[in-house]
Each structure stands twice: as structure tokens, then as C-alpha cells.
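Bear in mind that the values in this text are calculations on the coordinates, not laboratory data. Keep in mind that this is a model prediction, so the values were computed, not measured. For neighbour counting, all protein chains shown are included, and Cβ atoms are generated from backbone atoms with ideal geometry for every residue, glycine included.
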Amino acid sequence: MAALPEDSQRASPPSWLILLLVPMAAMVALDTREGRALLDRLTAHGEAITALPGLTLDTAPHAAAGLVVTSVRSDSQAARGGIVVGDAVVAIDRTPMVTLDQVRRYLQRDKAGSVALRVLQGDRPRDIRLGREGG
């Protein structure tokens with residue numbers, strides 16, 4: 001029997017090791033600011049979040065526009081405050097917001113009973129205070 005070429009005698013890593021290491025490498029990459037920004041860009045469409053009671057937000061198609069309001073419950077505080085679908089939320093409590101991840105992190109960290117939203121309706125800025133409980 002002929003000897004196998006030296007390259008084919010090398011053992012490849014076990015498949016379980018690859019299955020373990022690839023997700024771990026992805027988690028490490030996503031734990032960086034650049035990784036989170038990339039993840040937000042990759043998942044920007046169709047990932048609306050309910051950040052506050054009565055409204056959902058999604059990443060705006062134009063980066064400078066902030067986050068776009070994708071739905072407003074008709075009986076909510078947001079609707080009573082004049083927020084409508086298509087408005088851009090550019091800041092929460094004077095903190096600029098561009099990504100959904102920023103909104104999630106801010107709201108997890110800040111536990112105040114209400115927040116002040118800076119909303120652009122067209123090119124007209126408005127400040128609207130919303131409670132974080134109920135609608």
C-alpha cells in the first residue's frame with residue numbers, strides 16, 4: 001500500500017471543537033463597539049423594538065435621522081403626546097440615540113419613572129415626556 005502524502009496525514013480539528021469556537025469568536029467580536037454597530041446595521045430592517053409602552057422603534061433608513069417610530073398604540077401616552085408613525089426619535093433624556101442597542105442599554109441602565117424624548121416631526125423638533133409604565 002502506498003504511503004499517503006504528508007498533507008493528508010494531518011488530523012483536522014474535531015468538529016465539536018469548531019462548533020464551540022466559532023460562536024465564541026462571534027460573541028467576542030460582537031462585544032466590541034464596532035461589533036455592536038455592525039450587528040445593528042445587519043439587523044436594522046424588521047427588528048423594531050418596544051422600547052417604551054405604546055410605541056415601537058426601528059433603525060431609520062438614513063443614519064442621521066435617528067430611530068424611526070414604526071407603530072403607536074392609539075390609546076397610549078405616546079399617541080396623546082402627539083407621536084406618530086414616521087417620527088424620528090433622536091435623543092432620550094438629552095442623550096443622542098442612533099441605534100436600537102443604545103436605546104436598550106440606556107433604558108436598562110436608567111430606571112427613572114419617565115423619559116424625555118427628543119422627536120423630529122419632519123424637521124420640527126419636539127420634546128415629549130413619557131412614563132415608562134403602562135401605556
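Tabulated results
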{"quantity": "Alpha carbon Rg of segment 49-131, scaled by the compact-globule rule 2.2 N^0.38 Å", "calculated": "0.96"}
{"quantity": "Relative contact order of segment 49-131, defined on C-alpha pairs under 8 angstrom at six or more residues apart (%)", "calculated": "26"}
{"quantity": "Stretchable slack from Asp75 to Asp110, in nm (0.36 nm times residue separation minus alpha-carbon distance)", "calculated": "10.1 nm"}
{"quantity": "Assigned charges on the beta-carbon of Lys, Arg, Asp, Glu; segment 49-131 dipole about Cα centre (debye)", "calculated": "220"}
{"quantity": "Efficiency of FRET from Cβ geometry, Leu21 and Arg132, R₀ 41 Å, rounded to 0.05", "calculated": "0.55"}
{"quantity": "Packing-based order for 79-90, 121-132, using average beta carbon neighbours within 10 Å, highest first", "calculated": "79-90, 121-132"}
